[in-house]
Every structure is written in structure tokens, then in C-alpha cells.
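Student: Have a look at this one.
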């Protein structure tokens, strides 16, 4: 990974992330956009030697060490200059995402005692394609974001939806969606840099859906960025496709990876469309999803009607 450099000069201020509500809303967006993040680790003890990866493993945050993709000892992090610190790069995975979710704000990185001083773990930075698009400075209390990404964030057409990792929540959404959508899509994935082929999907266990698909190789999607590139499969809501969707236990349950001669292949990132407009999208790897804000009232009314009938 390309090492991060001082980037404050091309970022603009991002207020509001010192509140839990706005921070969580920002995470809903950024976890579907970023492909990694970094944090700095340093100590106030002047007698301490330069910190190492072993110091991090022994720290209160050592449970994250398995998610470290790169590191460096530096005096200049993406947001500040100080005595030598350990700059740690992380992947977004099932260990690091809950850690980020557990923070109350973007500045919520408490210090830990270490000998005669304190150990600090802070200055959250997000990256995409090894380039920084967001950074924060915990001790000065500021956050900054790339202007183009800020506009994408504020114009995000999707409202985050929770509860779709449960059977009940998923089936409620599906009952609503199947009365509104006219098609859906899935990404057919392979380990990068390989892009899966439609013919491989035809020969897979899900090949029964193949007659109703058309596909394209994409690097992202307007409604909820995928990263990429991936093979995006567009499917009609045929009886076979509806049976496939009904059989899912939750929105991220899209079957186990299959082994092929060229490596693993799997389905992910369910999205629904109406007249070509994507009104619902999910990211399986980050376990995030959202629905068009204009449909919220209809979805909530459908839920209320279902609850009333059961009552």
C-alpha cells in the first residue's frame, strides 16, 4: 500500500462528526466507500523507545493487529507532526468495522496508561485506492474531507436501513420490494484482480438464474459504491429469481463461495431497481444497505400495515 502523506491542504472542513448521530450517519456512507483506514499510535512518555508493531499487539487495541495491512514509524502522520509514532494501516473487516461502530464520535479514542506516560491511539483517516479522502485530528478536534467525496456524501440518495441481517427484517423488506421493483442485481465476485465471467455464473450452482441475466464489468455503482472492478449481473424478477430471494435468510445471505479452476467465485451486493432506477442497494462485505429516501414513508406504512394485521 502507498504510504499516507500530509494531505490537509486539499481537504475541506467536515463539521458535526463530534456528535454520535452524525458520526454514525457518516460511517454508514464511508464504510461503503472506503477500502481501508489508518490510525496513529504514540506515547507521552519521553523515556519510551520508539513504538513497534509488538507494542501495538500488547496494547489495549491489540485485538485489531490481525487486520493491519501495513505500518511505518514516522514523525508526520496525515494530520500532525510530533515525536516518532507508529502509523498503522487497516483493512475494513468484521473485526475493525465493529470497532469503528463502537466509537461515539470521530474523536472518541481514549488514551491508555503505559508505564510513566499514556499511550494514544487516534487521528482516524480513511483511504480509497491508497489515497486519503478523509482525516481527523483528535487532539485539535477537527475533521476534513475531500470536496468531491463530501458532495457525494451529502447528496447520498439512500437512507441507511438496519435490521436486514435478521430473517424477520429481511422478509418484511422483501414483501415491500417485490411489489415495487421490476429487476435486481448482484455482483459476481472473484478475488482481485480477477473479474468473474458470466459464463462461470451459468455453470455455477446458481446457474438456474442465468437465462434472465445480462451483465457488465463495473468499477462502482451510483447508489452504493462497490469498489471494483466486479461483474454486475442484472436479473429479471422471474419465478426462479423470486424463489431464490425468498430462500435467503437475510439480505447478506447470498450463498457460499464456490471453488473453480481459477479460484473462488461468490455472489454479493444485492440491489433492486424500478424502471432502471436503483432504489435499494447493499454492500455484503461491509454489511451496509440503504433505501431511496423518497420511499421511506411507503416502506414504513407497509410495515405498520403488516403489524396491524398481525395484531
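Student: Would a scan of segment 215-238 turn up a residue that is more than 23 Å from residue 32 (Cβ to Cβ), part of a strand (DSSP E or B) and not assigned by TED's automatic domain parsing to the domain that holds residue 27?
Tutor: Looking for residues that are more than 23 Å from residue 32 (Cβ to Cβ), part of a strand (DSSP E or B) and not assigned by TED's automatic domain parsing to the domain that holds residue 27, one finds at least one in segment 215-238, hence yes.
Student: So is residue 204 surrounded by 15 or more Cβ atoms within 10 Å (Cβ to Cβ), touching a strand residue (DSSP E or B) at 6+ places or on another chain (Cβ under 8 Å) and not assigned by TED's automatic domain parsing to the domain that holds residue 102 or not?
Tutor: Working: surrounded by 15 or more Cβ atoms within 10 Å (Cβ to Cβ): yes; touching a strand residue (DSSP E or B) at 6+ places or on another chain (Cβ under 8 Å): yes; not assigned by TED's automatic domain parsing to the domain that holds residue 102: yes.
Judged against the criteria, residue 204 is a match.
Student: Which residues, counting only those in segment 110-130, are under 16 Å from the mean Cα position of the chain (by Cα) and either at pLDDT below 85 or surrounded by fewer than 21 Cβ atoms within 10 Å (Cβ to Cβ) (or both)?
Tutor: Result: 128, 129, 130.
Student: Regarding residue 248, is this residue in contact (Cβ under 8 Å) with a residue 60 or more places away in the chain, part of a loop (DSSP other than H, G, I, E, B) and either in contact with a helix residue (DSSP H, G or I) (Cβ under 8 Å, 6 or more places away or on another chain) or not assigned by TED's automatic domain parsing to the domain that holds residue 288 (or both)?
Tutor: When the stated conditions are applied, residue 248 passes them.
Student: Run down 151, 172 and say which single residue is without any contact (Cβ under 8 Å) to a residue 40 or more places away in the chain and assigned to a helix (DSSP H, G or I). Spell out how you get there, then give the answer.
Tutor: Details: 172 fails: without any contact (Cβ under 8 Å) to a residue 40 or more places away in the chain.
So the residue among 151, 172 that is without any contact (Cβ under 8 Å) to a residue 40 or more places away in the chain and assigned to a helix (DSSP H, G or I) is 151.
Student: Run residue 233 past the list (1) touching a strand residue (DSSP E or B) at 6+ places or on another chain (Cβ under 6 Å); (2) under 15 Å from residue 215 (Cα atoms); (3) at pLDDT below 90 and report the number of the one that doesn't hold.
Tutor: Single failed check for residue 233: (3).
Residues checked against (1) part of a strand (DSSP E or B); (2) within 28 Å of residue 152 (Cβ to Cβ):
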{"position": "40", "(1), (2)": "yes, yes"}
{"position": "64", "(1), (2)": "no, yes"}
{"position": "73", "(1), (2)": "yes, no"}
{"position": "89", "(1), (2)": "yes, yes"}
{"position": "94", "(1), (2)": "no, yes"}
{"position": "103", "(1), (2)": "no, yes"}
{"position": "109", "(1), (2)": "no, yes"}
{"position": "125", "(1), (2)": "yes, yes"}
{"position": "133", "(1), (2)": "yes, yes"}
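Student: Here's something else I'd like to know. Can you tell me which residue within segment 150-164, out of those that are more than 15 Å from the chain's Cα centre (by Cα) and within 13 Å of residue 290 (Cα to Cα), is surrounded by the fewest Cβ atoms within 10 Å (Cβ to Cβ)?
Tutor: 163
Student: Continuing with the same structure: For segment 2-36: of the residues being buried (at least 19 other Cβ atoms within 10 Å of the Cβ) and farther than 13 Å from residue 150 by Cβ, which is modelled with the lowest pLDDT?
Tutor: 4
Student: Residue by residue through segment 271-311, note down the ones that are assigned to a loop (DSSP other than H, G, I, E, B), at pLDDT below 85 and touching a helix residue (DSSP H, G or I) at 6+ places or on another chain (Cβ under 9 Å).
Tutor: Once the filter is applied, which keeps residues that are assigned to a loop (DSSP other than H, G, I, E, B), at pLDDT below 85 and touching a helix residue (DSSP H, G or I) at 6+ places or on another chain (Cβ under 9 Å), segment 271-311 yields only 286.
The values are calculated or read from the model by the stated rules, or taken from the named source; none is laboratory data. Not measured: the values here are computed from a predicted model. Cβ atoms come from the backbone with ideal geometry, glycine included; neighbour counts cover every protein chain shown.
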